[in-house]
Each structure stands twice: as structure tokens, then as C-alpha cells.
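Worksheet for the structure shown next.
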Amino acid sequence: MSAGLVKGMIAYASSHGADKEVLLERVGLCASALKDGDNRIALDQYQQLIHAAQDLCDDHALALKWGESVDMADVSVLGLIMNASRTMGEAFAQLQRYTRLAMELNGSPKKQRFVLERLANELWMVDTRENPNSFPEITETSFARLVCGPRRFLQQPHVLEVCFTHDQPVYSDEYKRIFRCPISFNSPRNAMKLHPDIASWPVAAEPEYVFGILTRHADQLLERIQKIPTTRARVEACLMPILHKGAFTSLSVAQELGLSRQSLYRRLKAEETSFGDIVNTLREQLATRYLKTGQTSVNETAYLMGYTDPAAFSRAYKRWTGVSPRDVA
């Protein structure tokens, strides 16, 4: 689990009656281990934390309520990335790509935790987490966030039915209150039935260029770019909102600008630059500004720059600047 997610749980439990120091002591956690958002906390220790928090708050539904009340954007950059998506379909794609920022549960990094399945006219999101009944609170918090987060801006219900593999808990009335749809327990799988048209629904939680939230310097950079009437500036402005996705090419950017790839290359060459140089320079500038704010960790910054491997980002950043990103953060 990410230290940021663990820290968020501790803060929520503390605001609902748990003594923070007692909570940390019960599970053998040091507050210093939570300062670096890139630190990872073992799953069994996180499980101990959840159970201790439930005990100290005298509320077995605490994890479920945490998922309902605290948006993922408040505890992980994963939430910010999802909120920056244009559509719910794109948000799901970002969930698939970045979910390991928050938690690593299925062993192989290539195995997706959430998958979409179409059965006749039904669309289901299935949680493939292994041995889910050994720690059902993870399913509770995940599903509650996926239901309650989008509910804040969608105009109609997006989750039509919810299935859980674990037994019906004594606090099942909380499930009814939170999910507001048919619920079944002891099901063959953990899954949510989604509205069949959800993929095209717009996301309206945050501005598309969400990274201005992380640092005002990024907004200033974008404003400067938009005022300069050059091909380079147009490319930079096009890249800013999609840099975190990593799935862009010179061809896709050229098409966005209404140019052929060859025309884009010629214009950039005339300005004594290239597409690759622009991408690297933009990544260097944004990464440096994010790191200096202290609001994103090195690993989170790597993902925001479109890297799936933080080590590759660190090597690239040292190549650009001569220093490690950890020397800047």
C-alpha cells in the first residue's frame, strides 16, 4: 500500500475518535515512515491498521464510510489523474494504468485488478483481487469510492447493482445507504453492474488540466505557452493535458494540430527543435516544478510525466539535469 493511502486512513480514523499515537503504536508504524509518499506499507500491516481503527472508533463500518467520504484525489495522485479525464471511459483507463500507485495486490504488475465485461446488454466492472474475503475492507473502500466519487458530478446513477463475495456484515444497512442499488453477498465475484453508456459520460470533477491544482507554476507555464505563436508553443499546449497518459505520438499531436507528421517535423526543424526535444524539455520543467512544491513524490511525478517505470524517469531526469529527482524533492 502507498504511504499516502495509509496516512489518509489514519487521518480519517483520528477525526472519528481514534488516538493517532495509539493507532500507530498498535500496528508498529512510525509517523516518519509516512512522510515520503513513495514509501510502501505491507498489506498485512495495513490490515492491522484498519482493524485497530475500527476498534478504537468502535465502528466496524469505518472502512466503508472512509471510502464513501474521502475522494481518492485527497489521498493519491491516482484520483487526480482520474478526475482529469474527459470521460468515464478514459477515467477507467487511467485507473487501470495507475492503480498500482495506491496499492499492489495481484502480484504480477501485468495483471489488471479491474476488468470490464459485457454480458448481453450488461456492463460489469469486476475486481479480480485474489483472496478478497481475507480482507473485505479493501473491496468496501474501493467500491464505495468508485460509486460515491463519480456520484458527486454525474447526473444519473452509474452503478446499477453491486455484488460481494464476502458474507453480509452486521452493518449491511450502511451498504444500502451508500450504494443505493440492489446488493448481493456471497456472490461468485466482486463486481459492479454499470450503466451501459457510462464510457461516454463526461467527467466533471476537476478541470481537464488538473495539474494546475498541484502547482500554480504549471498554470503560469501553460499561460506563457499559449501566448507564444510558434509551432513549438502549440505542441507544448497540446501536450500539457495529456503528458501523464504517455500514449501520445508525434502523429497524434500533429493530427490534433491539423497537420501531417511531415509538416510538423518541417515546422519544428525551422524553429531549430524537434518533437522529442519538446517532450523532454516539457517533462523536465514540469517535473522540477512538481518536485519543488513537495506535493508529489518522485514516483508520483514519474507517472505524471507519462512514465510507467519510476526508475526510467529518474534516469531520464538525471540525464536532463545532472541531478537525481530525489535531490530536488
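Between amide H atoms placed 1.01 Å from N, distances below 5 Å from Asn190 occur with Asp127, Thr165, all of them 5 or more places distant or on a separate chain. Evaluated with a Cβ-only charge set (Lys, Arg +1; Asp, Glu -1), segment 48-93 carries a dipole of roughly 240 debye about its Cα centre, given to the nearest 20.
Distance between the modelled labels on Val126 and Cys30, one decimal in nanometres: 4.4 nm (7 Å Cα→Cβ projection).
Other residues lying with their Cβ under 11 Å from the Cβ of Arg97 contribute a combined charge of +1, Lys and Arg counting +1, Asp and Glu -1. Mean sequence separation of contacting Cα pairs (under 8 Å, at least six apart), scaled by the length of the chain, corresponds to a relative contact order of 15 percent.
Can you compute the helix-only [θ] at 222 nm over the chain? Use -39500 (n - 2.57) per DSSP H run of at least 4 residues, normalise by all residues, nearest 500 deg cm²/dmol. Could you put the intermediate results ahead of the total?
On the way: 17 runs with 169 residues, N = 329.
Result for the chain: -15000 deg cm²/dmol, rounded to the nearest 500.
Could you tell me which GluC sites (Glu not before Pro) in segment 93-167 are loop residues by DSSP with no more than 16 other beta carbons within 10 angstrom of their beta carbon?
Working: sites: Glu104, Glu117, Glu122, Glu130, Glu137, Glu140, Glu161; in loops: Glu104, Glu130.
Answer by residue number: Glu104, Glu130.
Taking 23 Å as the straight-line reach from the Cα of Lys318, the lysines in range (excluding those fewer than 8 positions away in the same chain) are Lys245, Lys292.
Quick check: residue separation of Ser69 and Val170 times 0.36 nm, minus the Cα distance between them. What number comes out in nm? Mind showing how you got there, number by number?
Numbers: separation 101, 0.36 × 101 = 36.36 nm, distance 2.03 nm.
Going from the current span to full extension adds 34.3 nm.
Only Lys, Arg, Asp and Glu carry charge here, each on its Cβ (+1 for the first two, -1 for the last two); on that basis the chain has a dipole of about 1420 debye about its Cα centre. At a probe radius of 1.4 angstrom, the accessible area of the chain per residue rounds to 47 square angstrom. Counting Lys and Arg as +1 and Asp and Glu as -1 over every other residue whose Cβ lies under 13 Å from the Cβ of Ile183, the net charge comes to -1. Computed in the context of the full set of protein chains, the accessible area of the chain at 1.4 Å probe radius has 49% of its extent on carbon or sulfur. A Förster distance of 51 Å, applied to the separation of the beta-carbon atoms of Arg177 and Trp320, puts the FRET efficiency at 0.50. With a simple spin-label model that places each label point 7 Å from the Cα along the Cα-to-Cβ direction, the separation between Glu284 and His60 comes to 5.8 nm.
Out of all DSSP beta bridges in the chain, what portion is antiparallel? Express it as a percent rounded to 5. Let's see the in-between values first.
On the way: 17 of 19 bridges.
In the chain, approximately 90 percent of DSSP beta bridges are antiparallel ones.
Computed extension length for Gln295-Val22: 95.6 nm, one decimal, from 0.36 nm per residue of separation with the Cα-Cα distance subtracted. Multiplying the residue separation of Gln155 and Ala312 by 0.36 nm and subtracting their alpha-carbon distance yields 52.5 nm.
The values are calculated or read from the model by the stated rules, or taken from the named source; none is laboratory data. Quick caveat, the model's predicted, so the values are computed rather than measured. Counting neighbours? That spans all protein chains shown, and the Cβs are built from the backbone with ideal geometry, glycine included. Heavy atoms of the whole protein, side chains included, go into the accessibility calculation; ligands, DNA and RNA do not. Shrake-Rupley method; radii C 1.70, N 1.55, O 1.52, S 1.80 Å.
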